[in-house]
Amino acid sequence: MAEEKKRRAVATKTAAGIPKFVRGNLSATLRAKEEGKKVAKAFIHDGHDEIMRAMDIVPAWGESFSGVCAAKRDAEKFLQKAESDNFSRSLCTYATCHIGFEMAREEQGGAMPEGAPWGGMGRPDMILGNGQLLCDPRFKWPQALQHYLRDVPVFVTNMYYPPWDPNVDHHEQEKFYVKYCTEELHETVKFCEKVTGKKMDWDRLAAVVDLSDKTWDLFVDTYDLRKAIPTPMDTGDAMNTMVPITFNIGTQEAYDFYVELNNELKEKIAQGIGVADPEKYRLIWAAGLPSWFALNDFQYFNGKGAVFPVEVTYRDHEKIERLDLPKTNDPLERIAWRWVRYWTHWYDAARKIPGSTPKVARIIEYFEDYKCDGVVFHSAFSCRSWHAGIIHQAEVLRKVYKDIPILIMEGDIVDISSYNEADTHNRIDAFIETLEAYRNKQKN
Amino acid sequence: MTLVIGIDVGSGYSKAVVCEDGTVRSHAVMPSGGNYKDTAKAVSEMALQKRNLSQRDIRYTVATGYGAGMVDFADETMTDISCHAAGIHRIFPAVRTLIDVGAQFSRAIRVNDEGKVTLFIMNEKCAGGSGKFLQIIARILKIGIEEISELSRGSTKPVEFTTGCAVFAESEAVSRIAEGALPADILAGIHNAMASKIVTLVTRVGLEEKYAVTGGGAKDAGLVKAIGTELASDVLVADEPQITAAFGAALIASERISR
């Protein structure tokens, strides 16, 4: 039984339209068979989006489904289901929640588990994975799913990019990585052609990639509007407005969404409307996926005059111009260049700060551009890949800025048993007191 | 005479400190029990009565701790993290890393040269590094918690616990007692297990001398010694470490009326 929880308000009208997007993505997977389309269990930020969109493959986003279960505080039954087959709670709970859901469905002969949030998600016809530098569920999750979905073909690529090494100039290695990624994407296309029985329309793919590039630019321009003081939108909303760029990139709907958000933010700025009134402290959400069951905590911050004009989470896009991508006629090579350059474009800045890392260089850039007063990290225990290194990042920031208010929150993305509201609010209260003390010190 | 009071309603014990111009005039400590509201009033009255004072003599009251919200006669509430920092900074201005071992939580708090918090980490939902661990072991050894410190001094061969988990360590301690281990060696082993867990917490905020331990756990000399050994450093302890947050709350109350 889902636990009752207070509905969370969002600051922008545009963000209020996000549940429709998420429901739309889920229902597309359920309608796919009737429409003669194939469904792929896919991962976000894997470089496969445009391929799927150009081939009319409907993505079934495991992370999104598990996030919905968590937000509705209705993930426990699926986590327990996975646990019953020896999947530890310390594994990625996006993965274990989704695996538990698929296990339940298979046990029922393919019938949708009763009470699956928002009608559930369609059974995949294929599973696409993508090994990256750190996130092991991107290849272990497909492997584990195959235990239960034995008839579903799996294809796992490896979209690597040059690893960070302060003593190595990654520019010398780029071409090799781009060539490798491009080949991996071509193999992905071959796999999709085999499963769907259709040939790739390369002109259509090129058009989808162009639309993605345009959306990346518009997304960054729109988010940059949040530099305004007071900020018209904070991370509480951004955890919603990330949906189109994360799950619907390469579609006109995603582009149109950011046009609407851009207009609304400009209007708010013109009218001087901020998220908090008065806006007392500006914070950066410097790492970590949020606890989807506790998004109200952003409002708790807001109620104390603290806002997040910027976050690194789900802001995995940059102005195309800044990435300085070489020209190519192959849309897959274009995706590969964009991929490699995106992940490496903070390397040069990081090299200039001894002991720094690209993640810290990025935080410093945002911290200064968005005129922040403090840093908040969220350590979600079951997501090792995104959360390893938080303590080190905090240490480097303290070396760079000498004295800087930092809060490290702890929780999980899906598993509510990791969460204690009173304790979390106590930590936030103490952090606000610290910010106030710094403010007073600066005044004196 | 400008009197203020700081009240720390912790999950295990409640503490009240009456201050005049930043100097402690009296203090009181009592178990919090289940009714924080009544306990806050009682501990406050206990501290005031020691100086023949009443709440009417108090200019400003700051409440802190787990039950701070229940202190309906407080002028203000502050988090115990800030209060601990304010208190320890007045007692030991050179302290940069504070370790609070409370009944329910352990905390590592970094403090700057003005006594302000720069970073803090709390133990997660685990009793392993908290005072609760000592309470559990005291119960199975059938001794009072206040006896632990003295008794552990007699240890010559501390028991090595294979776990830092309070629940598993309890059953492990029962097995060791059955095997004939001495209570002193069990307690010293528990101190080592707790110190290891606490220092892991401290490492996460960054190690910087000088260190101080506060909270009820700081009254256990054996635990403090074990923490010092793990840190390979001296560890400072105030004369009355349990009242540090209440003292800090009283100092903040003094600041408020001097504005």
Hey, among B:Leu223, B:Leu207, which residue is farther than 19 Å from B:Ala138 by Cα and either in contact (Cβ under 8 Å) with a residue 60 or more places away in the chain or open to solvent by less than 70 Å² (accessible area, probe 1.4 Å) (or both)? B:Leu207
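Quick grid of which residues meet (1) in contact with a strand residue (DSSP E or B) (Cβ under 9 Å, 6 or more places away or on another chain); (2) more than 24 Å from A:Met126 (Cα to Cα); (3) touching a residue at least 24 places away in the same chain (Cβ under 8 Å):
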residue: A:Glu184; (1), (2), (3): yes, no, yes
residue: A:Thr235; (1), (2), (3): yes, yes, yes
residue: A:Val259; (1), (2), (3): no, yes, yes
residue: A:Lys266; (1), (2), (3): no, yes, yes
residue: A:Gln271; (1), (2), (3): no, yes, no
Any idea which of A:Asp201, A:Asp221, A:Asp217 is at pLDDT 95 or above, open to solvent by 60 Å² or more (accessible area, probe 1.4 Å) and within 30 Å of A:Ile284 (Cβ to Cβ)? A:Asp221
Within the stretch A:45-75, restricting attention to residues that are open to solvent by 10 Å² or more (accessible area, probe 1.4 Å) and β-branched (Val, Ile, Thr), which residue is modelled with the lowest pLDDT? A:Val68
Please go through (1) touching a residue at least 60 places away in the same chain (Cβ under 8 Å); (2) open to solvent by 10 Å² or more (accessible area, probe 1.4 Å); (3) of a type outside the set (Val, Ile, Thr) for B:Ser130 and return the number of the only condition it doesn't satisfy. (2)
Kindly check whether there is at least one residue in the stretch B:84-94 that is open to solvent by 30 Å² or more (accessible area, probe 1.4 Å), farther than 30 Å from A:Lys402 by Cα, away from chain A (no Cβ under 14 Å) and not polar (S, T, N, Q). no
Would a scan of the stretch A:371-382 turn up a residue that is out of contact with any His (no Cβ under 9 Å at 6 or more places or on another chain) and modelled with pLDDT under 90? yes
Hey, any hits in the stretch A:423-437 for a residue that's at pLDDT below 85 and more than 11 Å from chain B (Cβ to nearest Cβ)? no
Return yes when A:Tyr342 is out of contact with any Ser or Thr (no Cβ under 9 Å at 6 or more places or on another chain), without any contact (Cβ under 8 Å) to a residue 12 or more places away in the chain and of a type outside the set (Lys, Arg) and no when it is not. no
The helices (runs of 4 or more DSSP H) lying wholly within the stretch A:34-101 that contain at least 1 residues that are over 26 Å from A:Asn420 (Cα atoms) and of a type in the set (Val, Ile, Thr) are A:49-54
Could you identify the single residue in A:Val414, A:Val360 that is within 23 Å of A:Met239 (Cβ to Cβ), more than 14 Å from every other protein chain (Cβ to nearest Cβ) and part of a loop (DSSP other than H, G, I, E, B)? A:Val414
Qualifying positions in the stretch A:380-392 - within 12 Å of chain B (Cβ to nearest Cβ) and open to solvent by less than 30 Å² (accessible area, probe 1.4 Å): A:Ile390
So if I check each of B:Asp75, B:Asp113, which one is away from chain A (no Cβ under 13 Å) and surrounded by fewer than 24 Cβ atoms within 10 Å (Cβ to Cβ)? B:Asp75
Within 14 Å of chain A (Cβ to nearest Cβ) and surrounded by fewer than 20 Cβ atoms within 10 Å (Cβ to Cβ): is that true of B:Asn123 in this structure? no
Exactly one of (1) crowded, with 17+ Cβ neighbours inside 10 Å; (2) modelled with pLDDT of 90 or more; (3) in a helix (DSSP H, G or I) is unmet by B:Thr229. Its number? (1)
Here is a check on your reading of the model: is A:Glu365 modelled with pLDDT of 90 or more and either facing chain B (nearest Cβ under 10 Å) or open to solvent by 10 Å² or more (accessible area, probe 1.4 Å) (or both)? yes
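The values are calculated or read from the model by the stated rules, or taken from the named source; none is laboratory data. Keep in mind that this is a model prediction, so the values were computed, not measured. Using ideal geometry, Cβ is built from the backbone for each residue, glycine included, and neighbour counts are taken over all protein chains shown. Just the protein is used for accessible areas: all its heavy atoms, side chains included, with ligands, DNA and RNA removed. Shrake-Rupley method; radii C 1.70, N 1.55, O 1.52, S 1.80 Å.
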